[in-house]
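First up is the structure itself, then whatever we jot down about it.
Please treat every number below as a calculation from the coordinates, not as lab data. Worth saying up front: this structure is predicted, and the values here are computed from it rather than measured. FYI the Cβ positions are ideal-geometry reconstructions off the backbone, even for glycines, and counts take in every protein chain you see.
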Amino acid sequence: MTLIEDALLATAGAFVITSLVAVYRIVDGPTMPDRVIAINVIGSNVVIVIALLAAAIGEAGALDIALVYALLNFLLSIAISKFSVERGGVL
């Protein structure tokens, strides 16, 4: 492995750890917006980790997966926001 591959994998690991910290906010979040933001953070981190791993292993096809996951993450955010507004959960 080269130094660049090691750096990409270490950065991906850091993003995974950040996602694990965000899981705490999902479980213990005092309000619904806190939980929604934590879900967004985890979704964004997953996209970043997939892109970093694709760069580290040299697999360009994984970037397509990251792009599709990013679009699904955005749609999930819109759906949760719409659901919250309709239920009166907006602060």
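Results, tabulated for the structure shown:
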{"quantity": "Qualifying positions in the stretch 8-41 - in contact (Cβ under 8 Å) with a residue 40 or more places away in the chain and in a helix (DSSP H, G or I)", "calculated": "L8, L9, T11, A12, M32, P33, V36, I39"}
{"quantity": "In the stretch 21-34, residue farthest from G88 (Cα to Cα) [restricted to those that are surrounded by fewer than 16 Cβ atoms within 10 Å (Cβ to Cβ) and charged (D, E, K, R)]", "calculated": "D28"}
{"quantity": "Positions within the stretch 42-91 being assigned to a helix (DSSP H, G or I) and among the acidic types (D, E), in sequence order", "calculated": "D64, E86"}
{"quantity": "Tabulated pairs, the stretch 68-80, first surrounded by 11 or more Cβ atoms within 10 Å (Cβ to Cβ), second of a type in the set (D, E, K, R) and in a helix (DSSP H, G or I), C-beta under 6 angstrom, 6+ apart or interchain", "calculated": "none"}
{"quantity": "Scope the stretch 35-64; condition more than 11 Å from the chain's Cα centre (by Cα), over 26 Å from L3 (Cβ atoms) and surrounded by 13 or more Cβ atoms within 10 Å (Cβ to Cβ); matching residues", "calculated": "R35, V36"}
